[in-house]
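Peer 1: Before I ask anything, let me first share the structure, which is written out below as structure tokens.
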Amino acid sequence: MTRTTIKQLVKNPESVGIGNPVSVKGWVRTKRGNKAINFIALNDGTIVNSIQIVVDLAKFDENLMKQITTGSCLHVTGTLVESQGKGQNVEIQAESIEVYGTADVETYPLQKKGHTMEFLRSIAHLRPRTNYFGCVLRLRHAMAFAIHKYFNDKGYFYLHTPLITGSDAEGAGAMFSVTTLDLNNVPKTADGKVDYSKDFFGKSTSLTVSGQLEGELGALALGGIYTFGPTFRAENSNTPRHLAEFWMIEPEVAFNDINDNMDLAEDFIKYLVRYALEHNMDDLQFLNDMFEKELIERLNFVINNNFVRLGYTEAIDILLKSGHTFEVPVEWGMDLQSEHERFLVENHFHCPVILTDYPKDIKAFYMKMNDDGKTVRAMDVLFPKIGEIIGGSEREEDYDKLLKRVQELHIPEKDVWWYLETRKFGTAPHSGFGLGFERLMLFITGMSNIRDVIPFPRTPQNAEF
Ligand code: 4AD
Ligand code: MG
């Protein structure tokens, strides 16, 4: 008999039919009962719900039943029946049970419920078997799929930008070196420096912090592109919002100005939130009920309200006039900290905010200069509980202005000659942004630590699993 998924049994029991034979495979969440009957909650990961298996102990060997404990893996065949108990419509009257794998009661770590998130991180190899992480993983999948669907339906092309890069032009964060040199016997040049000409690529290379610069090359040929790939930052920032390895989505669009860019960002996020509400309500409802009572309300709020748009300078004014004491004092020119971003979003505007026109000195070299010569056409999207979820800008398309910034910031021209050439040959206005996938997942799931929305988090001092 072919296996039926538990999702199918919960969502569409008619497809099997009451009284008909059924076969399911999955992992035991709980087993309870009395001397005559046992009830097994079996989950196969296709949906947050488990199916109840009813076992008439008279029909089964005692030794077999002893092997069935929380965490063990079973193949059950039986009859689909209407449930007598509360909480489910159908259950399975077991006729045969095969134990694929036992799980020792003494050592299987997911015995009891109510483990802390910290503990679950330490067992990231088993964490997918919890209801909460099942929800996170199904939502991650749904969001990844929706991201591709959104851009595909709009006619954007998925561009594969390199993960290994020879330039640190972006300056978005500290980089991880990539080398095949023998670290115990590093070749040196005459002046005592590492001789990278002997390294694999014949030059010093690193893992990318962003696909944007190559993304622009694609946009200036195909019109609209997006990247969606892993990104690496070696910052030693141990916060609930930073990972050393995270996924980023970077659309880059020719002929879009900063306003088009803001429209795209807002429409994109709303589409993703709506997609989750329409396709993954079971998972969202579980997370809402178990962890974050305002989750669904917050998701609905975001799709039903316009994001506030305002300039950095106005934002600084609001913060200065707020009377609130911040850990890092507010002054024009500063890079806003999470506490400032969250104050604007959570205490002042009570909705997502898009800040624009930041001081040029705190933003990247490629951002388009405003006429004031002091600010650039940058935009950050700030979200409740998270702070910055998107960073982007209109790009400087003028060759001379861009070259001037490259020189002012002492960026080696040999690293960016190819980027500069796009402004020499058929340059065009264009804009783009980067959405941190795990920051999005924090918002969608209502989790408060970024380590709890990625299967295998990489953070300082932690690369287990
Ligand atoms: O603001 P960032 O550094 O912008 C860029 O990298 C641009 N090249 C994007 C572009 O214009 N194409 O990063 C973009 C987003 C942030 O807003 C944040 O959501 C996420 O990436 N992010 C991180 N997420 C998790 N861990 C980290 N260490 C992150 N650093 C940035
Ligand atoms: Mg940023």
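Peer 1: Starting from one equal scatterer on each C-alpha and no solvent at all, send me the Debye-based log10 I(q)/I(0) for region 313-465 at q = 0.16, 0.19 Å⁻¹, two decimals.
Peer 2: -1.01, -1.15
Peer 1: Starting from the Cα gyration tensor of region 14-154, take the square roots of the eigenvalues, sort them a ≥ b ≥ c, and report rounded, prolate or oblate (rounded when a/c is under 1.5, otherwise prolate if a/b is larger than b/c, else oblate). List each step's numbers first, then the result.
Peer 2: Numbers: a/c = 2.46, a/b = 1.36, b/c = 1.81.
Oblate.
Peer 1: Can you put 431, 210, 50 in order of Cβ neighbours within 10 angstrom, beginning with the fewest?
Peer 2: Fewest to most other Cβ atoms nearby, the residues stand as 50, 210, 431.
Peer 1: Straight-line reach only, C-alpha to C-alpha below 18 angstrom: list the aspartates and glutamates that residue 270 could link to, leaving out same-chain residues fewer than 8 apart.
Peer 2: Hits, sequence-local ones excluded: 153, 250, 260, 278, 294, 297, 380, 388, 438.
Peer 1: Tell me, in nm to one decimal, what length is gained between residue 449 and residue 148 on full extension, where the rule is 0.36 nm per residue of separation less the Cα-Cα distance?
Peer 2: 105.8 nm
Peer 1: Report the gain in length on full extension from residue 12 to residue 111: 0.36 nm times residue separation, minus Cα-Cα distance, nm rounded to one decimal. Each step should come with its number before you reach the end.
Peer 2: On the way: separation 99, 0.36 × 99 = 35.64 nm, distance 3.04 nm.
Gain on extension, residue 12 to residue 111, equals 32.6 nm.
Peer 1: A further question on this structure: With the Cα gyration tensor of the chain giving a ≥ b ≥ c as the square roots of its eigenvalues, does the rule (a/c under 1.5 for rounded; else a/b larger than b/c for prolate; else oblate) give rounded, prolate or oblate?
Peer 2: Values: a/c = 2.34, a/b = 1.85, b/c = 1.27.
Judged from the Cα gyration tensor, the chain comes out prolate (a/c at least 1.5, a/b above b/c).
Peer 1: If we sort 445-453, 321-329 on the protection proxy, mean other Cβ atoms within 10 Å, highest first, what's the order?
Peer 2: 445-453, 321-329
Peer 1: Okay, next question. In nm, to one decimal, how far is the residue 339 label point from the residue 34 one, both placed 7 Å along Cα→Cβ?
Peer 2: About 6.0 nm, to one decimal.
Peer 1: Tell me, in nm to one decimal, what length is gained between residue 408 and residue 86 on full extension, where the rule is 0.36 nm per residue of separation less the Cα-Cα distance?
Peer 2: Difference between extended and current length: 109.0 nm.
Peer 1: A follow-up question, please. With charges only on Cβ, +1 for K and R and -1 for D and E, what is the dipole size of the chain about its Cα centre, in debye, rounded to 20?
Peer 2: In total the dipole reaches around 1460 debye.
Peer 1: So, one more: In degrees between 0 and 90, to the nearest 10, how far off the longest principal axis of the chain does helix 312-321 point, with axes built from Cα atoms?
Peer 2: The angle comes out at about 70 degrees.
Peer 1: Right, here's the next one. Over the chain, calculate the relative contact order: mean separation of alpha carbon pairs under 8 Å at least 6 apart, over the residue count, as a percent.
Peer 2: Here the relative contact order equals 13 percent.
Peer 1: Please go through the residue pairs 154/414; 7/59; 149/293; 35/112; 198/401; 321/401 and name each one whose alpha carbons sit more than 25 Å apart in this structure.
Peer 2: 154/414; 7/59; 149/293; 198/401; 321/401
Peer 1: Answer rounded, prolate or oblate for region 182-298, using the Cα gyration tensor with square roots of eigenvalues a ≥ b ≥ c: rounded when a/c is under 1.5, else prolate when a/b is larger than b/c, else oblate.
Peer 2: oblate
Bear in mind that the values in this text are calculations on the coordinates, not laboratory data. Computed from a predicted structure; not experimentally measured. Positions of Cβ are backbone-derived with ideal geometry, glycine not excepted, and every protein chain shown enters the neighbour counts.
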